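The values are calculated or read from the model by the stated rules, or taken from the named source; none is laboratory data. Keep in mind that this is a model prediction, so the values were computed, not measured. Cβ coordinates were reconstructed from backbone atoms using ideal geometry, including for glycine residues, and neighbour counts include every protein chain displayed. Heads up: the accessible areas ignore ligands, DNA and RNA and are worked out on the full protein's heavy atoms, side chains in. Shrake-Rupley method; radii C 1.70, N 1.55, O 1.52, S 1.80 Å.
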Amino acid sequence: MTVLSEEDKAFWEENGYVIVRDAVPQENLVAMIQAIWDFLEVDGNDPENWYHHKPMKRNDEEDLSPISLAGMVEMYQHQAIWDNRQYPRVYGAFRDIWEREDLWVSLDRANMKPPVRPENPEWDHPGMIHWDVDTSKDPIPFGVQGVLYLTDTAEDQGGFQCVPGFHRTFEEWVKTQPADRNPRRPDLDGLEVKAIPGKAGDLLIWHRLLAHGNGHNRSYAPRMAQYITMSPARFEDEEEREARVSSWREVRPMPRWPGDRRGWEAKHYGPAKLTDLGEKLVGSISWD
């Protein structure tokens with residue numbers, strides 16, 4: 001069944017992102033939110049607990065914080081995460097954009113970005129705009145990224161922000177930039193950054209050439225989200241396929257991801273149960 005309408009596709013072409021409403025059911029959202037609080041070992045109903053951990057210091061091997069300053073929660077394999085990854089409507093949206101069925105899902109993280117307040121200056125993250133791809137490459141291969149809103153998220157809540165339509169103007173824009181420009185962070189002079197609010201259950205998919213990031217949380221509630229994207233399956237790369245399947249089965253992040261130095265996931269639960277679709281999305285069975 002097609003998920004994206006013709007209007008959705010036209011909006012995608014114009015703006016470089018599209019929002020899929022009600023991408024997962026409410027019970028999935030509730031389970032994922034609780035999974036985040038359990039992973040952080042805090043009571044999410046107590047605002048004081050949002051600041052229980054200090055932001056992770058990546059270069060400090062003694063630092064056991066499971067969350068970064070930008071709110072990245074280092075959990076990857078919980079059943080609730082997988083229930084959203086393998087939900088048919090989520091898959092269908094990426095299938096419609098890629099116009100192919102044989103996809104692999106990213107084994108990505110969650111996000112809990114608490115609001116800024118004077119008592120916790122260490123959590124005053126101003127937000128950022130970047131690319132997750134090296135934009136000095138020529139050509140830059142097509143790709144997409146995605147984020148699932150777990151709660152209603154206002155413009156000032158530190159959620160997704162981007163430069164709409166930048167995927168269409170990038171090639172002309174880059175000609176105006178110096179040769180030593182940062183290929184991961186754009187000079188925003190002359191560019192308009194827009195915060196994209198959303199409802200709980202919205203899945204926002206964006207073109208990888210959109211300069212994007214998360215914002216400054218000036219609200220009174222945490223921003224909560226789950227990152228999900230999909231790309232063409234690459235069964236010819238047996239090393240990559242095995243790494244993906246092993247990460248799922250061994251309840252750990254993929255290599256090169258920061259991970260949780262506490263090892264909380266592997267200590268507290270086994271591999272997530274996957275549907276037939278989920279097994280195809282992780283790469284344990286073929287799409288053929």
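Here are some notes:
- For the options MET254, MET75, MET224, a Gaussian network treatment of the chain with springs between C-alpha atoms closer than 10 Å singles out MET254 as fluctuating the most.
- Cα convex hull, segment 213-258: 126 Å³ per residue, rounded to a whole number.
- Of the three principal axes defined by the Cα atoms of the chain, the extents in descending order read 52, 48, 35 Å.
- Prolate/oblate/rounded label for segment 234-288 (Cα gyration tensor, a/c 1.5): oblate
- Computed on segment 16-142, with alpha-carbon pairs under 8 angstrom and 6+ residues apart, the relative contact order is 25 percent.
- For the set GLU13, GLU279, the ranking by accessible area, highest first and with no ligand, DNA or RNA atoms included, is GLU13, GLU279 under a 1.4 Å probe.
- Over segment 60-137: Rg over Rh, Cα atoms, Kirkwood Rh: 1.07
- Computed FRET value (nearest 0.05) for GLU14 with LYS54, which takes r as the C-beta separation and R₀ as 30 Å: 0.10
- Viscosity 1.306 mPa s, 10 °C: Kirkwood-radius Stokes-Einstein D of segment 113-182 over Cα pairs, µm²/s: 103
- Segment 34-73 - percent relative contact order, Cα under 8 Å, separation 6 or more: 27
- Note on the chain: with a GNM built from Cα contacts shorter than 10 Å, the maximum mean-square fluctuation among GLY270, GLY201, GLY190 falls on GLY190.
- Modelled FRET efficiency - R0 35 Å, PHE235 with LYS199, Cβ distances, 0.05 increments: 0.45
- Solvent-accessible surface (1.4 angstrom probe) belonging to LYS9, in square angstrom, nearest 10: 70
- Applying 1/(1 + (r/R0)^6) with R0 = 25 Å to the Cβ-Cβ distance of MET254 and VAL30 gives a FRET efficiency near 0.40.
- Note on segment 123-146 and segment 195-261: Cα centroid distance 13 Å, given to the nearest whole angstrom.
- Positive-end ranking of LEU277, ALA70, LEU29 along the dipole of the chain, with charges on Cβ about the Cα centre, is headed by ALA70.
- Debye log10 I(q)/I(0) at q = 0.13 Å⁻¹ for segment 72-191, Cα point scatterers: -0.76
- To put it simply, the accessible area of the chain at a 1.4 Å probe is 48 percent carbon and sulfur.
- Using a probe of 1.4 Å, the accessible surface attributed to THR151 totals some 30 Å² when neighbouring protein chains are kept in position.
- Judged by the mean number of other Cβ atoms found within 10 Å, the most tightly packed of the peptides 61-67, 164-170 leads the ranking 164-170, 61-67.
- 25 Å Cα-Cα threshold exceeded, pairs from LYS57/LYS137; LYS57/LYS113; LYS113/LYS137: LYS57/LYS137; LYS113/LYS137
- Summarised in one figure, the compactness ratio Rg/Rh of segment 146-288, Cα atoms and Kirkwood Rh, is 1.03.
- For the chain: accessible area per residue (Å², 1.4 Å): 49
- Springs between Cα atoms under 10 Å define the GNM used for the chain, and in it the highest mean-square fluctuation of ARG117, ARG185, ARG256 occurs at ARG256.
- Our summary gives the chain a relative contact order of 29 percent, counting only alpha carbon pairs under 8 angstrom and 6 or more residues apart.
- Cross-link partners for LYS273 among the aspartates and glutamates, with Cα-Cα distance under 13 Å and sequence neighbours closer than 8 places in the same chain left out: ASP83, GLU250.
- Gyration tensor (alpha-carbon) shape descriptor, segment 137-218, a/c threshold 1.5: prolate
- Lys/Arg +1, Asp/Glu -1 at C-beta; segment 86-153 dipole; positive extreme among PRO141, ILE129, PRO88: PRO88
- Taking the C-alpha atoms of segment 1-142, convex hull volume expressed per residue in Å³: 173
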